[in-house]
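This report refers to the structure that appears directly beneath it.
Throughout, read-outs are computed from the coordinates displayed, never taken from laboratory work. Because the structure is predicted, anything quoted here is derived from the model rather than measured. We place every Cβ from the backbone using ideal geometry, glycine too, and count neighbours over all the protein chains shown.
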């Protein structure tokens, strides 16, 4: 497993994760904001914003707290790349799942003659899945952000 060992600056990998979350998250927020005023969420914005707040809010708090308020990160090294890879791949999967719920599920429901109540029911079903995924995702990110060694 020596190919998983590194001595690269932790900050470089942290920046990759932060960029992934903030770019993808910005797309989700802009899309949802636009659809809340002009699209299919405009008649009932509460369910979708609650979903975003619950399933993205805590993760952004973790990322912000561990990234921007930690000083002297340039002194730390990433000793084992596996933690970064786990955090990065799980982040992509998690953000893809959130994107599907926000971008595709409403369109599918509307195209099949569904209404707002059908969307609320679909959102409630996805809540069950995300209640399991959220702590796993937070755990992987937290482990990565706090598993670094002084260089």
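The angle between the Cα long axis of helix 81-99 and the longest principal axis of the Cα atoms of the chain comes to about 10 degrees, rounded to the nearest 10. In percent, rounded to a whole number, the relative contact order of the chain is 39, using alpha-carbon pairs under 8 Å and six or more apart.
A simple packing score, the average count of other Cβ atoms within 10 Å per residue, orders the peptides 112-118, 28-34, 139-145 as 139-145, 28-34, 112-118, with the highest score first. Between residue 30 and residue 12, the simple spin-label model (points 7 angstrom out along Cα→Cβ) gives 2.9 nm. Shape class of the chain from the alpha-carbon gyration tensor: prolate, with a/c at 1.5 or above and a/b greater than b/c. Per-residue ellipticity at 222 nm, computed for the chain from helices alone with -39500 (n - 2.57) per DSSP H run of at least four residues, works out to -25000 deg cm²/dmol. Residue separation of residue 107 and residue 54 scaled by 0.36 nm, minus their Cα-Cα distance, works out to 16.9 nm of gained length. Using the Cβ-Cβ distance between residue 79 and residue 20 with R0 set to 30 Å, the FRET efficiency works out to roughly 0.90.
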